[in-house]
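The values are calculated or read from the model by the stated rules, or taken from the named source; none is laboratory data. Keep in mind the model is a prediction, meaning the values are calculated, not measured. A quick note on method: Cβ atoms are made from the backbone with ideal geometry, for glycine too, and the neighbour counts reach across all protein chains shown. These area figures cover heavy atoms from the full protein model, side chains too; ligands, DNA and RNA do not enter into them. Shrake-Rupley method; radii C 1.70, N 1.55, O 1.52, S 1.80 Å.
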Number of protein chains: 2
Amino acid sequence: MTSSVARGPYKPGKIRQQTQEKILQAATQAFSVHGFNGTSMQSIADAANVPKANVHYYFKNKVGVYTAVLENIIGLWDTVLNDITAEHEPKQALCDYIDAKIKFSRTHPRESRVFAKEMLSGAPHLQAFLEEDYQRWFSGRIAVFTAWIAAGKMQPIDPAHLLFMIWGSTQHYADFEPQVVHSLGTEALQQHHFDQAAATIKQVILAGCGLE
Amino acid sequence: MTSSVARGPYKPGKIRQQTQEKILQAATQAFSVHGFNGTSMQSIADAANVPKANVHYYFKNKVGVYTAVLENIIGLWDTVLNDITAEHEPKQALCDYIDAKIKFSRTHPRESRVFAKEMLSGAPHLQAFLEEDYQRWFSGRIAVFTAWIAAGKMQPIDPAHLLFMIWGSTQHYADFEPQVVHSLGTEALQQHHFDQAAATIKQVILAGCGLE
DNA sequence: TAAAAAATTGACTAATTGGACAAGAATTGG
DNA sequence: CCAATTCTTGTCCAATTAGTCAATTTTTTA
């Protein structure tokens with residue numbers, strides 16, 4: 001009856017990887033709404049449909065689950081976000097980045113919120129990230145903007161604060177969703193809301209940088 | 001020894017008001033870092049230098065303390081934020097609003113963070129606010145922008161998303177402080193960082209709206 | 001197919017926490 | 001100065017929760 005074909009071949013680590021992923025998703029959802037302290041191991045287990053002891057089998061402890069969620073989020077960015085490089089023209093690079101960032105707010109609002117909550121708490125579990133990968137990425141982008149400005153491809157705008165503007169503006173649609181929803185008089189944010197958001201942000205940023 | 005002058009005249013309700021305020025400030029600080037669930041009544045009491053039972057004497061329960069904090073924050077905005085009205089020219093009104101908003105991020109980061117955390121959790125304790133006062137304020141501002149655009153005083157920019165940009169950009173300096181601090185390579189944000197932020201935001205937004 | 005390894009699970013424990021309460025101290029008004 | 005009111009505070013309790021453990025089942029390997 002249960003042929004190896006029907007069940008699929010057993011691969012070592014497959015169960016581990018699948019159950020871990022299930023727990024990770026459940027935890028991301030829970031942390032995004034209730035925060036670290038507001039989320040119980042039991043509630044994560046329930047949402048993942050495993051007994052609580054099983055969560056402890058795959059993760060050392062609650063902090064272990066939480067840091068795994070954070071690391072997963074950081075990995076997502078590397079995968080999803082187009083980078084701003086000097087090879088591209090400012091206009092195209094900024095448009096691509098804004099589009100990708102808005103798309104992230106739409107497709108990964110839970111991840112965005114977990115990250116935001118961590119920042120709001122002083123980012124105690126993100127020190128390493130902020131001091132290494134992020135620092136490197138940020139100064140790299142500053143260099144790109146500086147080069148663009150030096151080459152006369154862009155008005156002289158403080159690159160750091162420009163990046164913060166883009167960050168803040170795009171994050172807003174995930175992190176302050178209730179406010180946006182009420183403002184727009186809708187039930188939930190739809191694709192066209194995000195399209196309109198991206199269009200407006202690009203319009204203002206591009207004109208603001210003298211790129212139109 | 002202890003003259004009534006030295007102690008000041010006893011006013012009924014004075015003690016209540018003072019102790020309540022002390023607890024409220026301690027609670028704001030605690031909630032801003034650890035969130036609702038991460039903050040214990042004991043820790044609030046300790047920070048306010050009163051026994052825990054005293055907190056329960058002035059507030060019905062933990063939710064009572066929390067909503068008092070939120071109401072206090074909303075009240076602060078009404079006091080501090082300049083309003084955007086059709087009587088002013090767009091340029092001046094936007095500058096004033098951005099300046100006031102950045103100043104709020106600088107002078108009230110804790111309040112800003114409590115509010116942001118509440119939003120991130122779906123704003124369960126802000127439904128009334130979002131559906132009443134805020135809704136009214138927001139549609140009023142939309143009307144102002146629409147009038148400006150109709151009068152040719154401003155480029156046609158989606159007013160709602162423009163407001164979100166301003167909100168997101170200015171909030172960022174309070175809510176994502178660790179990121180900003182690491183990005184700017186400083187120990188803590190200083191007055192001049194906020195000045196530079198406000199200048200850049202105004203520069204981009206004004207040019208973005210065709211107001212330069 | 002049998003032993004080894006990996007995964008599942010229920011039961012238990014120690015610690016924390018929100019809240020209740022009542023006794024006592026300080027303040028106020030007459 | 002005295003009674004009423006307001007405020008303070010130590011103590012206690014029930015509920016929740018993170019984490020442990022050992023027994024059992026399932027899966028893999030040889």
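Quick notes on this one:
- Residues located in the range B:77-125, provided they are buried (at least 21 other Cβ atoms within 10 Å of the Cβ) and within 23 Å of residue A:31 (Cβ to Cβ): B:112, B:113, B:114, B:115, B:116, B:117, B:118, B:119, B:120, B:121
- Qualifying residue in the range A:57-71 (condition: open to solvent by less than 80 Å² (accessible area, probe 1.4 Å), within 14 Å of DNA strand C (Cβ to nearest atom) and within 14 Å of chain B (Cβ to nearest Cβ)): yes
- Of all residues in the range A:194-212, those that are open to solvent by 20 Å² or more (accessible area, probe 1.4 Å), more than 16 Å from residue B:203 (Cβ to Cβ) and touching a helix residue (DSSP H, G or I) at 6+ places or on another chain (Cβ under 6 Å) total 1.
- Selection count where residues are open to solvent by 20 Å² or more (accessible area, probe 1.4 Å), within 9 Å of chain B (Cβ to nearest Cβ) and either outside any helix (DSSP H, G or I) or not small (Gly, Ala, Ser) (or both), scope the range A:131-158: 5
- Test: residue in the range A:51-60 that is touching a residue at least 40 places away in the same chain (Cβ under 8 Å), within 13 Å of DNA strand D (Cβ to nearest atom) and touching a helix residue (DSSP H, G or I) at 6+ places or on another chain (Cβ under 6 Å): yes
- Within the range A:166-186, the residues that satisfy the criterion of being at the interface with chain B (Cβ under 7 Å from one of its Cβ atoms) and under 16 Å from the mean Cα position of the chain (by Cα) are A:167, A:168, A:169, A:171, A:172, A:175, A:176.
- Meets criteria (open to solvent by 10 Å² or more (accessible area, probe 1.4 Å), farther than 28 Å from residue A:88 by Cβ, more than 7 Å from chain B (Cβ to nearest Cβ) and touching a residue at least 24 places away in the same chain (Cβ under 8 Å)) for residue A:189: yes
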